[in-house]
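The values are calculated or read from the model by the stated rules, or taken from the named source; none is laboratory data. Predicted model only: the values in this text are computed from it and were never measured. Positions of Cβ are generated from backbone atoms using ideal geometry, with glycine treated the same way; all protein chains shown enter the neighbour counts.
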């Protein structure tokens, strides 16, 4: 209203001014936004006067003034700019989004739009241009380093692999900790479903489904971090909410066609450092004898030094006789193929004067991964439109189709022949990779395998590449009825469905799966959400405004799966059930519903004191009937004290205090209440010796191994937070500080029970966990000098997770890996990595003396007990984004720093045990005394003697230090700094663009994950993970595909 | 105004109706359509026998063939070589524990509960269940010594079962078997198809129960023969497993994916050839010394000779691998054998605990062992059988008691081929034959005597022992 009025006024004034000062200098130009698009309606005033104009539909303006005057360009939501009139008659202005605009509208729970100023809790909103500064194919990965309060972990370098996000820490021990994803007000799935429940033996991480969202369609991403912010989402909000608002046709904009293209090269960010001196063998002896067949070789890297083998020949692994020994340095490096990514997007959008708008977008992503043959292609098609049907009725609708095809995802973990990283990393340094390229003979049989139990890596990559195809629809339709003055009703339906079709194959002749086999896995997930929200908004008087809402939400989620595992094939490469001797079918069905009824009251006093209270009652289908209804409230307060106290200072421009308290309840998974007998189609055997039922024609049923507490009740998360937002120096420096404490009580978890009771677990309300932390965001407009600007966005997060109570049990394994290694909750502590340590000297009471590691009579470290190995979560994280702008140039870079936490890497351990890691090389005749080790010949409580026995051999030393079972030596401090993003873009000025068919044109060079600094983890990226985003197996790496580093360029054009 | 009021009331009504119908849709959908609330207990038997008993005994127990020094690992893969050197994987102890207690005993408890509720007259089913329970407890105590027994599988009363000593468990098991035998005394409904051991043959179940009881009593007798002498005599008078057709075993089958897990390892990792397991010296030394015809059944020769490989050694050729006569899809898991029963009787007779001629039992034991392969791969020819039985090996008549005992113990050891747990148990009981110390052993100069209770139990059960004995500490029944 105000804008419109001032627009009319300025037009009028401009007319007057023109009459009066016609003899003065005529200035004209175009006002554009950061992406180069015209910005109509920008107010242009001559400083110190009331004279001015505004830009027209094409962003053009013209004004008369005199040299030496200053023009002031302003537009709501953009930074106001002042430009001194020089000799030039043309002044083009690029308006910059005002990130800290206090009038900014934030989309909160249920799609309710609220003024940022009025919020009583901390949220982070990331705009599309910051999100897509350097393109990512998975939107979660693009959040790295951009917000406080979140921890984003990319699991591996597999194309389409998953990215895990934790908002304000692990909110539950139940495993349900991933945030809710909401697109345009409607929840969608971010599932990361594994094909087999076991993620560690050859698990394939086919990604979190949040990756299906087209980053080009995103207008903003808002992260609701606390329960207060998310309270209206009810029981699903305990892990926080990621709200994505998609782009729409902009009001006042003619049809706009936007095209963007990105192309980049992806390379391994970090590969192992290998020794290049020692060949395969044992104890310094080369021991591969092809006559002995595949078992002739024991270890990869403990043979003789290559320098001692001048003139010596051998029959190599491929049967070539009289071959001299040689080191092949680049085998692993060359194995990973040159990867690249291209993303092309096209959108058409616009809006009519009456408010009807539309946007149609199409995007195609084509990715080739590091793993040979691996790749991903994704097609996104999106359409949304709004239509004003009458002055009382408005409607919107949006629909998205996504198709993602992934091929060649490599397995992680172990005990599976398809774990590629392990194969290539552990091949002897004297193995020539070149012959591997011929992986099959004319009949399709594997050739050129390196012996032992190892397959030809190209055979695995090419012949056993899994294929996954996901087809997804999600969308929503809403109708808003302005029933009476100040009162409207919104009805909205949202639907998300996808079919995830997976095909995993083991070709005949795969060592470890000699007879071949395959798995077909069909997963269908669907979710329907219906909302009905009534809103009443009333100005009581000039000072008071009241908004009340009441509504209900109905949500249903269904998961269906049919999986067939076929084994023992007859005709090679024919993956049909009829060609398999055994087919094991597995069927699954899950269904759950929630009905929520809620109310929301906002009282606004003079725009500087805003109270918001909400209440929601959920009815969940998954809880016992008499405990399925649960109510939870929230209240938050925002006090803008600079307005309230009329503080007018050039130092402190803006000051707000906020506080909130909230409670959200949480239910459990479906079908857990009854004690049932379950038909079984498979029986377990270690080392892949599983078999199938029926056995000898007999069906098999199994009774539930878990009992459920009949008095199960919802778990409750309480959240308290206070914060302040301070704007200094006319908001040039903006500080947002939050302290929070969340407590989850009555957490619903499967408490492991003694197997001897007959049951493995008891589902009940037991644990209490808390997260306490500090979040700080600072945005500083460091330099504003004419055409040059420098902005810094900094964020800091410290979250401390604590297991407050575990009931009667001392600890709880959240996830376990091999050799007893796992992630466990221990009362009074942060989540611990847990596994076997080296033996320590012990005092008389049998307690370990921490810093006195014991060695045996050969000077080799001894195996000790299973103990906590340290916290998994980082102590704190920081992100820093710095943006420089000069005229059309923009240079932006982001760093991401994580301090502390532990990571276990079997990749590192295996390289060391095998004598392949660089540190195992060098002089192996130097039998040193393992420093700071001890012996305690008399047993616990007796004298501890510093060790003086040199190690028996370097091989034995690393065997003990990097032991597979005693994992202590394979656990590292996970601290790292990553240079996440670097981009340089240039937006062509309108003076050039005006002569082209473009409305705007921007080109850029960009890089992602440029480097890792300050990392103690050798050989691998410390960010790697085995479990995927849906598992609690944080901090454990085994056989992961190297993560990538990307360089490329992009172009954005608008027509 | 009135109009607005009506509209508002209408709206509220609409909301209330919508709310009610939505709420109705919440309740009553939480039943898993793919699971049953009630079933015929017979349907639980295959789960108990295959997953609960035999998978732990074959796949996990395969390492025990090496611990019993009958087999020796040829290849250096950790999963094979580690247990041979007494490095026992936590997964193995965990899988054994879970298989026995959770899969085996829980489902048997459900079998009993369902039978008592739905078909209370079918007491034979209760009998089958109790004998299987006794067998599982026996297997468990022979791996772990002290285990929960009196308080096990009663989650409502004993959520955290206390551990019982091996003595308590072994002395209680004959009573449990007696309860089972009593329930089997007269014919009622019995599990037939799901009974993968005997197909519902009640007589054989009685033999299985008695043979199991005899074995348990003989273990106790090793420590305290006086207390069980009478029981041994009375058990010896009962029907026992005495011929190969009465052997309690699970036959894995040729049906796809119903094959023995040990064979599957060869199928999946080695093209169905055996480059993985060779013959152990403890076994082959005796067999070579006696020109035992079972060598050709058990092993492949190397140029006519049967060459053992030392425990803990790997990576060399020239050793006799375990024959594919043995490692084949149908390779059975033998729960109680006719040979073993006869050798126990021979020992009891020799010691004067039972009436009867020790040599007769001894010969019957060898005969049963030789006859076991009749009609299956590795069949031993009649002439070979005669030759062996007529050799000095074929009789204990005229031997000193010590020599006779040694022969019985050696023959039970030979007959227990592929039965790692039983062979290991008899070695622990008899210390026959002499075991070598495996190369690379982590137990110094000692042989392994036990597995340790897995961490999963220690961390969940406050009544579990606070500290565990070292792996070389003998068990109670060893009488050391």
Checklist line | Hey, residue A:699 modelled with pLDDT under 95, within 12 Å of chain B (Cβ to nearest Cβ) and either over 19 Å from residue A:759 (Cβ atoms) or buried (at least 17 other Cβ atoms within 10 Å of the Cβ) (or both) or not | finding: no
When the range B:322-375 is checked residue by residue, the ones that are in a loop (DSSP other than H, G, I, E, B) and over 30 Å from residue B:258 (Cβ atoms) are B:351, B:352, B:353, B:354, B:355, B:356, B:357
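Looking only at the range A:360-374, which residues are surrounded by fewer than 20 Cβ atoms within 10 Å (Cβ to Cβ) and assigned to a strand (DSSP E or B)?
Within the range A:360-374, the subset surrounded by fewer than 20 Cβ atoms within 10 Å (Cβ to Cβ) is A:360, A:362, A:364, A:366, A:373.
Matches in the range A:360-374: A:360, A:362, A:364, A:366.
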All conditions in (1) more than 7 Å from chain B (Cβ to nearest Cβ); (2) free of Cβ contacts under 8 Å to residues at least 12 places away in the same chain are true of residue A:662 except (2)
(1) farther than 30 Å from residue A:115 by Cα; (2) more than 7 Å from chain B (Cβ to nearest Cβ); (3) not in a strand (DSSP E or B) all hold for residue A:642 apart from (1)
So residue A:778, is it in contact with a strand residue (DSSP E or B) (Cβ under 9 Å, 6 or more places away or on another chain), within 30 Å of residue A:626 (Cα to Cα) and in a strand (DSSP E or B): no
Here the residues within the range A:665-693 that are facing chain B (nearest Cβ under 7 Å), in contact with a strand residue (DSSP E or B) (Cβ under 9 Å, 6 or more places away or on another chain) and not in a strand (DSSP E or B) are A:670, A:671, A:673, A:674, A:676, A:684, A:685, A:688, A:693
For the range A:585-639 the number of residues that are within 14 Å of another protein chain (Cβ to nearest Cβ), in contact with a strand residue (DSSP E or B) (Cβ under 8 Å, 6 or more places away or on another chain) and surrounded by fewer than 20 Cβ atoms within 10 Å (Cβ to Cβ) is 10
Those helices (runs of 4 or more DSSP H) completely within the range B:60-158 that have 2 or more residues that are within 12 Å of chain A (Cβ to nearest Cβ) and farther than 30 Å from residue B:182 by Cβ are B:62-67, B:78-84, B:90-97
Of (1) at pLDDT 85 or above; (2) within 22 Å of residue A:976 (Cβ to Cβ); (3) assigned to a loop (DSSP other than H, G, I, E, B), residue A:121 satisfies every one except (2)
Reported set for the range B:71-89 where residues are surrounded by fewer than 23 Cβ atoms within 10 Å (Cβ to Cβ) and within 19 Å of the chain's Cα centre (by Cα) is B:88, B:89
So the strands (runs of 3 or more DSSP E) completely within the range A:947-1035 holding 3 or more residues that are surrounded by fewer than 20 Cβ atoms within 10 Å (Cβ to Cβ) are A:976-987, A:1000-1013
When every residue in the range B:443-480 that is in contact with a strand residue (DSSP E or B) (Cβ under 8 Å, 6 or more places away or on another chain) and surrounded by fewer than 21 Cβ atoms within 10 Å (Cβ to Cβ) is compared, the one nearest to residue B:216 (Cα to Cα) is B:455
- Can we say residue A:48 is in a loop (DSSP other than H, G, I, E, B) and either buried (at least 16 other Cβ atoms within 10 Å of the Cβ) or at pLDDT 75 or above (or both)? yes
Exactly one of A:466, A:428, A:457, A:450 is surrounded by 22 or more Cβ atoms within 10 Å (Cβ to Cβ), touching a residue at least 60 places away in the same chain (Cβ under 8 Å) and touching a strand residue (DSSP E or B) at 6+ places or on another chain (Cβ under 6 Å), and that residue is A:466
Only one of B:258, B:270 is crowded, with 19+ Cβ neighbours inside 10 Å, at the interface with chain A (Cβ under 9 Å from one of its Cβ atoms) and free of Cβ contacts under 8 Å to residues at least 60 places away in the same chain, namely B:270
Only one of B:32, B:24 is within 9 Å of chain A (Cβ to nearest Cβ) and modelled with pLDDT of 65 or more, namely B:32
**Message:** So for the range B:187-209 (the condition being touching a residue at least 24 places away in the same chain (Cβ under 8 Å), more than 24 Å from residue B:115 (Cα to Cα) and away from every other protein chain (no Cβ under 11 Å)), does at least one residue qualify?
**Reply:** no
Of (1) within 7 Å of chain A (Cβ to nearest Cβ); (2) at pLDDT 65 or above; (3) farther than 30 Å from residue A:697 by Cα; (4) not in a loop (DSSP other than H, G, I, E, B), residue B:43 satisfies every one except (3)
When restricted to A:730, A:713, the only residue surrounded by 18 or more Cβ atoms within 10 Å (Cβ to Cβ), more than 14 Å from chain B (Cβ to nearest Cβ) and not in a strand (DSSP E or B) is A:713
Checked the range A:814-858 for anything surrounded by fewer than 18 Cβ atoms within 10 Å (Cβ to Cβ), in contact with a strand residue (DSSP E or B) (Cβ under 6 Å, 6 or more places away or on another chain) and assigned to a strand (DSSP E or B); matches are A:826, A:849
